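The values are calculated or read from the model by the stated rules, or taken from the named source; none is laboratory data. Source: prediction; values computed, not measured. Note that we place each Cβ from the backbone using ideal geometry, even for glycine, and neighbour counts take in every protein chain shown.
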Number of protein chains: 2
Amino acid sequence: MAEHNLFYGFNFDICILQKMNSKKTTIHDIAKELKITASTVSRALNNNPRISEATKKAVLGMAKDLNYQPNNLAAALRKGKSQLIGVIVPTINRSFFSSVIRGIEEVANNLNYRVIVSQSNEDIDNEIATLNALLNARVDGVLVSIGKNTNRFEHYNNLIEKGIPLVLFDRTTNEISTSQVVIDDYLGGYLATEHLIKQGCNKIVHFTNLKQVNIYKERYRGYLEALKDNGIPFNQSLVYESNMQLVDGRESAEKLLASKQEFDAIFSASDYAAVGAMQVLKENNIKIPFDVALVGFSNEPFTSFTDPPLTSVSQFPIEMGQAAAESFFEILNSKKKKFIPQKTVLQPELIIRDSSLKEGT
Amino acid sequence: MAEHNLFYGFNFDICILQKMNSKKTTIHDIAKELKITASTVSRALNNNPRISEATKKAVLGMAKDLNYQPNNLAAALRKGKSQLIGVIVPTINRSFFSSVIRGIEEVANNLNYRVIVSQSNEDIDNEIATLNALLNARVDGVLVSIGKNTNRFEHYNNLIEKGIPLVLFDRTTNEISTSQVVIDDYLGGYLATEHLIKQGCNKIVHFTNLKQVNIYKERYRGYLEALKDNGIPFNQSLVYESNMQLVDGRESAEKLLASKQEFDAIFSASDYAAVGAMQVLKENNIKIPFDVALVGFSNEPFTSFTDPPLTSVSQFPIEMGQAAAESFFEILNSKKKKFIPQKTVLQPELIIRDSSLKEGT
DNA sequence: TTTATTTGTGCAATCGATTGCATATTATAA
DNA sequence: TTATAATATGCAATCGATTGCACAAATAAA
């Protein structure tokens, strides 16, 4: 296990934390130096048109000389906006979410906003506590992907009542009347299934999760529709419900084999469950994709490292983050004007890899 | 590609952003209501011993009634500390870093601090800009994993001079005299190599990167030492240098095969390069681990999904984040006292999987 | 009963930047 | 030359919470 070994004084010197009498310089210091007032300095720094070019130049120069660093806290307090935005995700520790955050950050930083990240750990109390903490930190708004178990939404609706911008992404709900960004899970399910059919499969198993989360239902709906559109009768006994983790995929695959049903493909609504199934199939000497074609969902980074590489549906997480941030700033900038919550639906893309590619080889 | 389709008015109502006359309540509101002063309210909320229990109870009750939310900005401005800490990583979008952040967050949130995350994208200018942005946001300190190309460190040394707590983790340097948290890469390299030797290998290839980054050098050193300790002569032509991504691993493996050298194992200092090698070996019908045993480094999540699963060295990223945060708060709390920068070295662990396990099967 | 403490609150300044309004200076129009 | 407008800057209040110091009331000690 990871232990903490402490070594002292490597090639470090003992150092004394000197609070440095160099008190940070403020606009008042600049003002004093230039024999003008702080208000003029403030305006000059903000490029206010009422300030002469000469003064502006002088202020900017002196600011540089004194190594002036603006205190955003003071400005935030006065202006009532902090240039901070909060992001709540179930966990940061998943490729999908960290990529979304990356997208959000890109857009936010460009607009000179900073991002505060918090994790709900799929726990509603945690989610509420974390939201309050963000509000206390006076974030200018919040972007959220709600937890699996979140079934009350007052805390979010309160935000909206207070006029605090809120955007939901990926894990959304219609119980909250605000802008949201999702991918078209239905389409993703449809594309995946259609692809399998085109590969010649017609006994397609589906792994899904029927809990409250919308996304799986939509993928399932896409699966059904693709079958229908291609004249393939739906067979309920080919649908396996589980928690969609790797072990669940293994379990479903084992049940499937035990059932002796015929099947020539599996469309798993999760990459993890797909990998579990892949393992079981290989253990049983079932050839992928020749005996059974396999498609996952999410295009997790590991999908290209499995053997065979796993066909999957990309959700474009970075783009989702960007879109969410853009939606967010639209709300932020529409203050006091009428504002219509909008739903941004991103198009998923089927990433075809060997696990489902029968022809050619 | 992901397009943005905008649908209006799904089951959303048009909603007007009402700045809600409900101005946020402040301690003054509570004070007025209770006919006491704001200072008393402030002290009561902070559980100051000079305030009577009765008053405290009244204040707390009224605070709840009025739905009071403290304004951390105001407190931060006055107290000169924001309860915000900044984290800079090359990218958030990598399992290792997002896990470290998770660890940092856990500790920080418990102490009522929020974490602001920023990415440097391995670019030094970006790193400096992002650091300044964090300072302007008045973070109480910073935790950093420095970029690959960062070769100047004044911006960090400035922090230290100003007495702003700084902790380095994983990607560190001795050019900055502050606390740091790393794993023992040397030991990781040693363990990996030793394990291969114990499996009966004695012609062990090593994939490494010889750039400025310390971590690869240390792993290499561990490799050399393990060879030496086991009486295996070092063969320079078995060492392949590259950028350590998947394609680089492929390339190195191809060169290796083309060289016709004999080898019975590969220790790659990166999981990605290891997977690249795995692909090439399999394409050449070389059996893993029977013909060639394979070990990676980092224990990326995908290592358990490859075929065969890849033996690797775990760096315990969450624990690293926790240790970094603990180090950070030690500095923060040692203010004005003498403070000795300390180096925390975490022990890595070899996670043995099938790619290197010759016996048994 | 008087003096010394302790206890509980209030007063007012402060953190640093912003901003509505007033004012002084200069340029333009009448 | 005087009235008017434009330009540039200053004054002072403000955002909301914190905190050193003062002070009154209550309690304890003399």
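Tabulated values for the structure
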| item | result |
| --- | --- |
| Where residue A:291 falls short, out of the listed (1) farther than 25 Å from residue B:276 by Cβ; (2) part of a helix (DSSP H, G or I); (3) more than 8 Å from chain B (Cβ to nearest Cβ) | (2) |
| Among residues of the stretch B:73-97, those that are free of Cβ contacts under 8 Å to residues at least 60 places away in the same chain, farther than 17 Å from residue B:141 by Cα and among the polar types (S, T, N, Q), counted | 2 |
| Selection from the stretch A:105-124 of residues that are of a type outside the set (Gly, Ala, Ser) and more than 10 Å from chain B (Cβ to nearest Cβ) | A:107, A:110, A:111, A:122, A:123, A:124 |
| From A:240, A:220, A:190, residue being part of a strand (DSSP E or B), outside the structural domain of residue A:326 (by TED's automatic domain parsing) and surrounded by 20 or more Cβ atoms within 10 Å (Cβ to Cβ) | A:240 |
| The stretch A:61-86: number of residues that are within 28 Å of the chain's Cα centre (by Cα), within 9 Å of chain B (Cβ to nearest Cβ) and of a type in the set (A, V, I, L, M, F, W, C) | 3 |
| All strands (runs of 3 or more DSSP E) inside the stretch B:74-174 with 2 or more residues being closer than 25 Å to residue B:210 by Cα and among the hydrophobic types (A, V, I, L, M, F, W, C) | B:84-89, B:166-169 |
| Residue list for the stretch B:308-337, filter: within 9 Å of another protein chain (Cβ to nearest Cβ), at pLDDT below 95 and assigned to a helix (DSSP H, G or I) | B:331 |
| So residue A:172, is it crowded, with 20+ Cβ neighbours inside 10 Å, out of contact with any Phe, Trp or Tyr (no Cβ under 8 Å at 6 or more places or on another chain) and either without any contact (Cβ under 8 Å) to a residue 12 or more places away in the chain or within 13 Å of chain B (Cβ to nearest Cβ) (or both) | yes |
| Single condition residue A:162 does not satisfy, out of (1) under 17 Å from residue A:150 (Cα atoms); (2) out of contact with any strand residue (DSSP E or B) (no Cβ under 9 Å at 6 or more places or on another chain); (3) among the basic types (Lys, Arg) | (1) |
| Close pairs (6 angstrom Cβ cut-off, 6 or more residues apart or separate chains): more than 14 Å from chain B (Cβ to nearest Cβ) in the stretch A:37-48, more than 6 Å from DNA strand C (Cβ to nearest atom) and aliphatic (A, V, I, L, M) anywhere | A:37/A:31; A:38/A:31; A:41/A:30; A:41/A:31; A:41/A:59; A:43/A:51; A:44/A:51; A:44/A:59 |
| Within the stretch B:30-73, considering residues that are under 21 Å from residue A:81 (Cβ atoms) and in a helix (DSSP H, G or I), the one nearest to DNA strand C (Cβ to nearest atom) | B:73 |
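To keep it simple, each residue is scored yes or no on (1) among the basic types (Lys, Arg); (2) modelled with pLDDT under 95; (3) within 17 Å of residue B:263 (Cα to Cα).
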| residue | (1), (2), (3) |
| --- | --- |
| B:205 | no, no, yes |
| B:216 | no, yes, no |
| B:220 | no, no, no |
| B:225 | no, no, no |
| B:228 | yes, no, no |
